[in-house]
Structure formats: C-alpha cells, structure tokens
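The values are calculated or read from the model by the stated rules, or taken from the named source; none is laboratory data. Quick caveat, the model's predicted, so the values are computed rather than measured. We place every Cβ from the backbone using ideal geometry, glycine too, and count neighbours over all the protein chains shown. When the accessible area is computed, the model is the full protein with side chains, heavy atoms only, and any ligands, DNA or RNA have been set aside. Shrake-Rupley method; radii C 1.70, N 1.55, O 1.52, S 1.80 Å.
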Amino acid sequence: MHIEIDKDRCIGAGQCALTAPGVFTQDDDGFSALLPGREDGAGDPLAREAARACPVGAITLSEDE
C-alpha cells in the first residue's frame, strides 16, 4: 500500500492523526503529514479507516503492484 496526502485539499481537521496515530501526524501548520517511514502504512489496519475519516478526501491509498 502507498499513502498520499493532497496538501492542497487538506484542511487540518486531524481525523487521520486521531484515527491512526501510528501513521499520521500533523505538521507545524496543523495539516496532515505522514510519520517518517510510514508512507506504506506500516501494516497499520487503521490507515484505511483514517483515509475514510478525512472529511475532504485528501488521503489516497493505492495498492503496490
């Protein structure tokens, strides 16, 4: 899995960081960011739920091929 955050779409709601704190955090400006080394979700089952919880759909998950 690969996780991408659309920084132009993110509004800093923080739902991703609350849902999957092992994958997501918020940067100094309050916007969503991935924790270092977590671009693949690190096997965290809550990564998908965090993407669904984003109120503006700024998180995209794609499967590795």
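Data for the structure
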{"item": "Where a label projected 7 Å from the Cα of Asp28 along Cα→Cβ would reach, residues of region 1-20 with amide N under 19 Å", "result": "7-8, 12"}
{"item": "Compactness index (Cα Rg / 2.2 N^0.38 Å), the chain", "result": "0.97"}
{"item": "Where Thr60, Thr19 fall by accessible area, highest first, once all protein chains stay in place (1.4 Å)", "result": "Thr60, Thr19"}
{"item": "Leu35 long-range amide H proximity, modeled H, under 5 Å", "result": "Phe24, Thr25"}
{"item": "Net charge, Ala47 excluded, C-beta distance under 13 Å - Lys, Arg +1, Asp, Glu -1", "result": "-3"}
{"item": "Size of electric dipole in the chain: Cβ of Lys, Arg +1 and of Asp, Glu -1, about Cα centre, debye, nearest 20", "result": "300"}
{"item": "Excluding exposed DSSP-loop trypsin sites (Lys or Arg not before Pro) (at most 14 other C-beta within 10 Å), longest clean stretch of the chain", "result": "10-65"}
{"item": "Computed over the chain: relative contact order in percent, which uses C-alpha pairs under 8 Å that are six or more apart", "result": "46"}
